1. May I ask you to verify whether A188 is part of a loop (DSSP other than H, G, I, E, B), crowded, with 20+ Cβ neighbours inside 10 Å and within 18 Å of the chain's Cα centre (by Cα)?
2. Can you tell me which residues in region 132-149 are open to solvent by less than 60 Å² (accessible area, probe 1.4 Å), without any contact (Cβ under 8 Å) to a residue 60 or more places away in the chain and near ligand 1 (Cβ under 6 Å from one of its atoms)?
3. Just for region 5-20: of the residues that are more than 16 Å from ligand 2 (Cβ to nearest atom) and within 18 Å of L210 (Cβ to Cβ), which one is most open to solvent (accessible area, probe 1.4 Å)?
4. Out of I42, I2, I55, which single residue is touching a residue at least 40 places away in the same chain (Cβ under 8 Å), β-branched (V, I, T), open to solvent by 30 Å² or more (accessible area, probe 1.4 Å) and on the phi < 0 side of the Ramachandran plot?
5. More than 10 Å from ligand 1 (Cβ to nearest atom) and open to solvent by 50 Å² or more (accessible area, probe 1.4 Å): is that true of K155 in this structure?
6. So which of G36, G99 is under 26 Å from A188 (Cα atoms) and either without any contact (Cβ under 8 Å) to a residue 40 or more places away in the chain or of a type in the set (G, A, S) (or both)?
7. If I ask for residues that are in contact with a Leu (Cβ under 9 Å, 6 or more places away or on another chain) and in a helix (DSSP H, G or I), which ones from region 145-167 would you list?
8. Identify all residues within region 24-39 that are within 13 Å of ligand 1 (Cβ to nearest atom), under 20 Å from L133 (Cα atoms), open to solvent by 20 Å² or more (accessible area, probe 1.4 Å) and not hydrophobic (A, V, I, L, M, F, W, C); write none if there are none.
Amino acid sequence: MISPSLLSANFANLEAEMKWFNQSSADWLHIDVMDGVFVPNISFGFPVLKHVARICQKPLDVHMMIVQPEKFVDEVKALGAYLMNVHYETCPHLHRVVGQIHEAGMKAGVTLNPATPVSVLEDIAADVDLILLMSVNPGFGGQKFIPHTLEKVEKLRQLLNRTGSKALIEVDGGVNLETGRLLKAAGADVLVAGNYIFSAPDPAKACEALSAL
Ligand code: DX5
Ligand code: ZN
């Protein structure tokens, strides 16, 4: 599956972006919420996202790059989001947060930074719907893919099998046709792509090429 990242869209004309997007082969819309604290950048907040949610006809895959993401479960739910991803690094009470997301009626995802080993998921994997592996340090679009992620995808697949988890494996950062192909071969289920899709002369076509991998 492909989840194009809104971060690389033209914010001056989101309506036009959603027009091609709604007709495209994309499966989800990936939404990066940043706070300038957990990550060194700020993207957009709920006043903007409620308008995007209104015109987007695909499931929202919300990636919370903020401290204390549990404070915003209701806001994410109000967007009608399908999935809420929280970072392992921001949640000392991760099991509780996953429960709150489920109680709100959303799928729950846990995200790992490049330096966080997949082994930390041992006791939570069976309770979540998706694991998001960062293949760049979070905060910016257009960064270079960290090759070590490929090994992490393979290790994560083994961990999911061992723990009986049905969680999907999603990868985010530096995805293009080349890295996407490698990730798919390694066992990734969902690819996030920002720059590769939105900077292409024909974004729908770029999305289609990723979908066809
Ligand atoms: C990075 C974000 C990504 C970003 C990916 O912090 O989490 O979702 O938009 O962008 P690309 O595909 O350009 O690396
Ligand atoms: Zn993201």
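The values are calculated or read from the model by the stated rules, or taken from the named source; none is laboratory data. Here the structure is a predicted model, which means the values were calculated and not measured. Note: ideal-geometry Cβ built from the backbone for every residue, glycine included; neighbour counts use all protein chains shown. Each accessible area value is taken on the protein alone, full model and side chains, heavy atoms only, with ligands, DNA and RNA left out. Shrake-Rupley method; radii C 1.70, N 1.55, O 1.52, S 1.80 Å.
1. Working: part of a loop (DSSP other than H, G, I, E, B): yes; crowded, with 20+ Cβ neighbours inside 10 Å: yes; within 18 Å of the chain's Cα centre (by Cα): yes.
Here the answer is yes, as A188 does meet what is asked.
2. Result: V136, single match.
3. W20
4. Details: I42 fails: touching a residue at least 40 places away in the same chain (Cβ under 8 Å); I2 fails: open to solvent by 30 Å² or more (accessible area, probe 1.4 Å).
Of the residues listed, the single one that is touching a residue at least 40 places away in the same chain (Cβ under 8 Å), β-branched (V, I, T), open to solvent by 30 Å² or more (accessible area, probe 1.4 Å) and on the phi < 0 side of the Ramachandran plot is I55.
5. Values: more than 10 Å from ligand 1 (Cβ to nearest atom): yes; open to solvent by 50 Å² or more (accessible area, probe 1.4 Å): yes.
Here the answer is yes, as K155 does meet what is asked.
6. On the way: G36 fails: under 26 Å from A188 (Cα atoms).
After ruling out the rest, the residue left standing is G99.
7. Residues satisfying the conditions are T149, L150, K152, V153, L156, L159, L160, T163.
8. Across region 24-39, the qualifying residue is only D35.
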